[in-house]
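For reference, the structure discussed in these notes is given below.
The values are calculated or read from the model by the stated rules, or taken from the named source; none is laboratory data. Note that this is a predicted model, so its numbers are computed, not measured. Here the Cβ positions follow ideal geometry from the backbone for every residue, glycine too, while neighbour counts run over all protein chains shown.
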């Protein structure tokens, strides 16, 4: 098993982590199975980076070129729908749906696809992506409203 705080491998019967000294409780122990780790609340949070900077997030988190290109194709199709005055609402609904779906799932996918040293490294990386995602989101909203006037 691994320590839930530092991520280092420790003995099964340990009551404290020998590396960081964190007391271990059975409910907080992180096992080697990543599927159990994905259910942790810190990993399953909203991802601003995944939602707002989807293409680059997908590449950085090792989702693969195919996945990133598929996202670009979908975004292009949504933009095409929005350029036609009759289908602009359909494009907007599809875009919001994709934004929400990716935002709620990106962290789980990143945790599964990329190799992480420990949970802290993962959370630090996600914080940085969240900051840039929020910046891009705010700039996008600003440009969208500035373009309509």
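For residue 48, the stated conditions do not hold, so it cannot be described as crowded, with 19+ Cβ neighbours inside 10 Å, closer than 24 Å to residue 6 by Cβ and not assigned by TED's automatic domain parsing to the domain that holds residue 20. Checking the structure you have, find out if any residue of region 117-139 is outside the structural domain of residue 5 (by TED's automatic domain parsing) and not in a helix (DSSP H, G or I). Yes, some residue in region 117-139 is outside the structural domain of residue 5 (by TED's automatic domain parsing) and not in a helix (DSSP H, G or I).
Given the structure, is residue 119 at pLDDT below 85, under 22 Å from residue 8 (Cβ atoms) and crowded, with 16+ Cβ neighbours inside 10 Å? So residue 119 fits the description; yes.
Here is a check on your reading of the model: is residue 43 in contact with a helix residue (DSSP H, G or I) (Cβ under 9 Å, 6 or more places away or on another chain), at pLDDT 75 or above and over 16 Å from residue 133 (Cβ atoms)? Yes, satisfied. Within region 57-70, which residues are assigned to a helix (DSSP H, G or I) and over 14 Å from residue 131 (Cβ atoms)? Hits for region 57-70 are 58, 59, 60, 65, 66, 67, 68, 69, 70.
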